[in-house]
Protein chains: 4
Amino acid sequence: MSDIRVAVIGASGRMGSAAVEAIRAADGLELVAALGSSDSLGAVIASEADVAVELTVPKATEDNVRFLVERGVDTVVGTTGWDADRLARLADLLAQQPGTAALIAPNFSIGAVLAMHFAELAARYFDSAEVVEIHHPRKLDAPSGTALHTAQRIARARAEAGWEAVPDATEADPHGARGAVIDGIHVHAIRQLGMNASEEIHFGTSGEALTIRTDTFSTSAFMPGIITAVKEIGSRSGLAVGLENYLTL
Amino acid sequence: MSDIRVAVIGASGRMGSAAVEAIRAADGLELVAALGSSDSLGAVIASEADVAVELTVPKATEDNVRFLVERGVDTVVGTTGWDADRLARLADLLAQQPGTAALIAPNFSIGAVLAMHFAELAARYFDSAEVVEIHHPRKLDAPSGTALHTAQRIARARAEAGWEAVPDATEADPHGARGAVIDGIHVHAIRQLGMNASEEIHFGTSGEALTIRTDTFSTSAFMPGIITAVKEIGSRSGLAVGLENYLTL
Amino acid sequence: MSDIRVAVIGASGRMGSAAVEAIRAADGLELVAALGSSDSLGAVIASEADVAVELTVPKATEDNVRFLVERGVDTVVGTTGWDADRLARLADLLAQQPGTAALIAPNFSIGAVLAMHFAELAARYFDSAEVVEIHHPRKLDAPSGTALHTAQRIARARAEAGWEAVPDATEADPHGARGAVIDGIHVHAIRQLGMNASEEIHFGTSGEALTIRTDTFSTSAFMPGIITAVKEIGSRSGLAVGLENYLTL
Amino acid sequence: MSDIRVAVIGASGRMGSAAVEAIRAADGLELVAALGSSDSLGAVIASEADVAVELTVPKATEDNVRFLVERGVDTVVGTTGWDADRLARLADLLAQQPGTAALIAPNFSIGAVLAMHFAELAARYFDSAEVVEIHHPRKLDAPSGTALHTAQRIARARAEAGWEAVPDATEADPHGARGAVIDGIHVHAIRQLGMNASEEIHFGTSGEALTIRTDTFSTSAFMPGIITAVKEIGSRSGLAVGLENYLTL
C-alpha cells in the first residue's frame, strides 16, 4: 500500500508545526505540502495530497475547507469557529461530493475523547459523579470547555438511565466549595503552575469508586489524534464532528 | 409494574448477607426467600421467586443452578468454580429452557467490569500500557486475577490493532522493579494495610496520559452489580458469562 | 518493661468500642477498664490505669478530664468541644500537677496530621496551592474542617515565606467552578457515595507538581493515632493540643 | 539590598541554558556571566559574581568548583560524579575558606527533595510503605536513583522506629509482580510514553492511606531549586550535600 499524501494548512502555527513534524515521523504518511498563511491553497492541489490537515484561524477555515472539499481532498479540521450554520453548509457541500470526507474535531486528544465516552457509559451505573479539571494559571475561563461538556454528557446519560439528582446532604457551604453545578453535576476547576491540562472524572456508588483521568502535557498530545484521523478519513465520506466518530468504540 | 421477586441462596455468607440487605433496600425488588446452607432449594420454588441469586460454594453451585434453571428460575451466580465443562453443560440445559437465563459473573464490581472494557478500547490508541493493583497484605497471590485478566485483554486489543511491543529501553533492572510481564504488558502488585482492592490502568502516548482507576472498599461494592443483574435478567435468555454482558456498553 | 495500663471512657460509642479493640490488640498496652456512659469515673482510679482515653461527648469531657488529671492520670482526649476557655482552665490545672499530661486531639488520623504538617512545609516553595476534599454525601457542611484548617495553615506559611497571591488569570467563572477561597487558597469539596474522608493537597511550580493525599476509610483509621498517643503520653507533662505534638516531625 | 550577581558555568547545556533564563527572570538575581565549555573560568572572577552555578560534566566539575571556592565564590553544583573522595577534598578546601560555601545537589527538584523528607517522617507511623516511579520509556535503568534512595531512607526510618518487615502474606508471585525489594521496601517502575519523571510513595496503616506524589514535567522543574539555592548560599559556609540542607524543614 502506498503512503497517504498529506498537506498541512497553517503549518507555521504552534499546532501546525507540530503536525508537520508528526506527519513526517509517522509510518504510512508522506508530507507533500506545508502551507503558511501567505501560501495559496492551490499548492495543496498541485501536491496531489490525499488528505489536508487544516489548522488555521476561525476566519479562514470555512473557505479553506470548502475549497478543498470541492476538489475532492479529504480534510481533517482542527480550527475552531464551526458553528451550526457553517456545519450545515459544509454537510450540504459534502452531499454533492460523494467519496469526500471532512472531520471537524474540537479536540484531538484521544485521551480526552475516550474519557468523555467512558464517562458517558459509566454515568448509567454510579450514584455520584463529579468532574475536576486542572489547568495552567494563565487560563482565562473556568471551568474548561472540556469539563463543561463532560458534565453535560454525564447529566444526559444519567437522565436517560433514570437517575435523579446526585446524593448530597450539604446544608452549609458558605464559601462555595461545592463548585459549579452544570446540569446537576458538580464541576471543580484547579489552577496550578506547571500543569497544562488535566481532567479527572469521579464516579461513586456503594463501596466503590471509578476514576478516569486524562493529562495532556503539551501540543504533542494532539498529534496521535491527528494521525489517526488522517489514516482513517480515506475510508469515510461526508461530515463528522468529533474525533470519537473515527475511533473504534 | 410489580416488584421482581428475589431469592438468595447462600444468604448467611459474607456476600449473601450483604445481598439480602441490598435486595431489601432496592426499589423494585422484593426479597421472598433467603436460604442458608441447610435449607432446601424447594423453598425458592415455593416462594415463587422470579430470580435467584446464587452465592454458595464451588462444590454446590452447579447442582443448585441446574435445579433452578430446570424449574424456570432466572439465576444470577456469583460463586466461582465454573470451568468450561460446567459452562457447556449449563448452556445445553438452557437451550432446552427457552425464556430462562443464567448469568455467571466472576466479578460483580461494576467499576472493575467497566474499567476492563475501557482498557480494551483505550489499548488500541496508546503506545504504552501498564497495570498496577493494590490489595490488602493478607492476599496470598500476586498479581490479582483481575489485573492478570486486564493485562491479557489489553494485550489482545493491542495485537488486533497492530501494535508491537510497548516502548521500553530498560537495560538494567537488577531487582525486578519492572514487575511481572503478562503477554507483554507489565503488571505491578502493591500490598498495603488499610486498602481493600484497587486497580490503576496506565496508558501513555506522545504528550498524553489516560489513567483508569477502580477502588472497591468493601463487599458492598458488589451489590450494585448484583442489583443491576437481577433487574436485567428477566429480559434475557440463555447463558451469559461476565456482568459486562448485562451492561449497556 | 511492664505494659501500660489503659482505661477507655466512652467505651460503648463508635470510636470508644474501636479503641477498646485496638488497645486490646496493641503490644505493650493492657486494657484495664472500659467505661460506658453510666459508669463512674472512680473505676478508672480503681483500675490503676496509667493512661485514660476520653471519648465521650462535649458536655461531659471537661469534668471527666479534670477529674482524671487531678488524680494524676495522663489523659488522651478525642472528644470535641474544647474551646479556648476550657483549654486555659485545663492548662492551669496541669500546672499544679507536674508529671501529669493531657493531649486534646481534634483529629487522631496520623495521615491527616502529617499531611497538614507536610503542606505547611511545602507551602514555602510552591507558587500554587489548592485543597480538594472528598467525603461521603451524608456530610452536612462543606468544606470539611480539615480542609479549611489545611488552607489556613498553607496561607499562613505562604505569608511567612513572602509569597503574594497564587497565580490565577481567571476572568470568567460564571458558575463558581474555582470553589471556595479560604485566606486566598482555593478549596474544593467533592461528595461521593462509597467514599469516607479523603483530602488531596496540590502544589505547583514551574515544571513540577507535588501532591499529598490522605484517605481514611473507617473509624479504624484513628486507632494508630490513639495508640501512638497512649504510648507517648507517659513521657510528657502539661497540656498539648494536636496529635502533631506527640509525633517526631 | 542589591541583586545577587550570578555566573552560570556550562551555560550551553540543557540545564545550563534553562538556568540562564531562570536567573535572568528571577527577582533579586543578576546574571553577570554565562560560560560555555570553551570559556575560561577567569571570566567568573572578572564578572565579580557572588555565586556560581556549576552545571558541566563529571570530568570537569571538581577542578571548576575548587577554582571558584579558592577565590571565594559560593558555588551551587548540579553536576554529578561527586564521590566520597571528591567530597572529602572539597570539605577540606572549604575549611580553609571560611565564609565560602558549596552546595552539591544531586537533585534540584524541590518536590522530589520534600517528598523524600516527608517519606522519612511518615515511615515511622505506617505499617506498609511502597514506592512507584514512572519515567519515559527511553530510560535505561530501573528503578530510578530517586526511587532507590527513597526506599533506602524509608527502610532506615522504619528501622529507627522499631518496625519489622512490612506485612505481606504473598505466597505465589510467579511473574515477579511484587517488584524490586530494596532494604525490605518494594519498588515498582513504570515506563510510559508521554511521561517525564514521577514518583508516588504509598503508606498504609489500619483504615488509612497516605500518598505522596511528585511529577517533574521538564527541565524547568529544577529551576526553582537552583534559584532557592542561589539566594540561600550567601548566608551559608562550608560544604552541604543535598538541596534539603538549604530548605526550611
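The values are calculated or read from the model by the stated rules, or taken from the named source; none is laboratory data. A quick note: this is a predicted structure, and the numbers were derived from the prediction, not measured. We place every Cβ from the backbone using ideal geometry, glycine too, and count neighbours over all the protein chains shown. Accessible surface areas use protein heavy atoms only, side chains included; no ligands, DNA or RNA. Shrake-Rupley method; radii C 1.70, N 1.55, O 1.52, S 1.80 Å.
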**OP:** Quick one: work out the % antiparallel among DSSP beta bridges in the protein assembly as shown, nearest 5.
**Re:** 45
Original post:
Chains C and D: buried accessible surface, both sides, probe 1.4 Å, rounded to 100 Å²?
Top reply: 2700
Subject >> Surface share of carbon and sulfur [accessible, 1.4 angstrom probe, percent] for the stretch A:87-161 >> reply: 52
**OP:** Rank-order B:90-96, A:138-144 by packing density, defined as the average count of other C-beta atoms within 10 Å over each peptide's residues, highest first.
**Re:** A:138-144, B:90-96
Original post:
Taking Cα pairs under 8 Å and at least six residues apart, what relative contact order does chain B come out at, in percent?
Top reply: 22
Original post:
What is the average number of partner chain Cβ atoms found within 10 Å of a Cβ in A:117-126?
Top reply: 5
Subject >> Label point 7 Å beyond Cα along the C-beta direction, distances from residue B:21 to other copies (nm, shortest first) >> reply: 1.3, 5.6, 5.7
Subject >> Between the stretch C:3-62 and the stretch C:84-132, the Cα center-to-center distance that results, in Å >> reply: 22
Subject >> Subset of B:139/C:139; B:59/B:231; A:59/A:231; D:59/D:139; A:139/C:139; D:59/D:231 violating a 29 Å alpha-carbon distance limit >> reply: B:139/C:139; A:139/C:139
**OP:** Calculate, for chain B, the solvent-accessible area per residue in square angstrom, rolling a 1.4 angstrom probe over the heavy atoms of the protein chains.
**Re:** 39
**OP:** Could you please report the charge total around residue A:97, scoring K, R as +1 and D, E as -1 over all other residues with beta-carbon less than 11 angstrom from its beta-carbon?
**Re:** -1
Original post:
List the GluC sites (Glu not before Pro) in the stretch A:164-233 that DSSP assigns to loop (not H, G, I, E or B) and whose Cβ has at most 16 other Cβ atoms within 10 Å. Which are they?
Top reply: A:164, A:171
**OP:** Would you grab the residues whose amide H sits under 5 Å from the one on residue B:182? Only those 5+ places off in sequence or on another chain, please, with H modelled 1.01 Å from N.
**Re:** B:187
Original post:
Between the stretch B:170-216 and the stretch D:172-230, how many Å separate their Cα centres?
Top reply: 12
Subject >> Candidates per trypsin sites (Lys or Arg not before Pro) in the stretch D:19-71, loop by DSSP, up to 16 other Cβ within 10 Å >> reply: D:71
**OP:** Count charges around residue B:117 for me, please; just the other residues with Cβ under 12 Å from its Cβ, Lys/Arg as +1, Asp/Glu as -1.
**Re:** -1
Original post:
Which whole number gives the average count of other chain Cβ atoms within 10 Å of the Cβ atoms across peptide D:104-113?
Top reply: 3
Subject >> Net charge contributed by nearby residues that have their C-beta within less than 12 Å of residue C:249 (K/R +1, D/E -1) >> reply: -2
Subject >> Within the stretch C:1-93, GluC sites (Glu not before Pro) in DSSP loop having at most 11 other beta-carbon neighbours inside 10 Å >> reply: C:48
**OP:** Please give the residues from the stretch B:228-249 for which the solvent-accessible area of heavy atoms, probe 1.4 Å, is smaller by at least 40 Å² with all protein chains in place than with the chain isolated.
**Re:** B:248
Original post:
For chains D and A related by rotation, which residue of D has the Cβ nearest the axis, and what is the rounded distance in Å?
Top reply: D:217, 3
**OP:** State, to one decimal in nm and shortest first, how far the label point of residue A:89 sits from each corresponding label point in the other identical copies (label point: 7 angstrom along Cα-to-Cβ).
**Re:** 7.1, 7.5, 8.0
Original post:
What residue among A:117, A:175, A:202 has the largest mean-square fluctuation in a Gaussian network model of chain A, using Cα springs under 10 Å?
Top reply: A:175
Subject >> Whole-Hz couplings from phi, Karplus 6.51/-1.76/1.60, listed for the stretch D:206-211; x for Gly and Pro >> reply: 3, x, 8, 10, 10, 10
Original post:
For label points placed 7 Å from Cα toward Cβ, what is the shortest-first list of nm distances from residue C:70 to its copies?
Top reply: 7.7, 7.7, 9.8
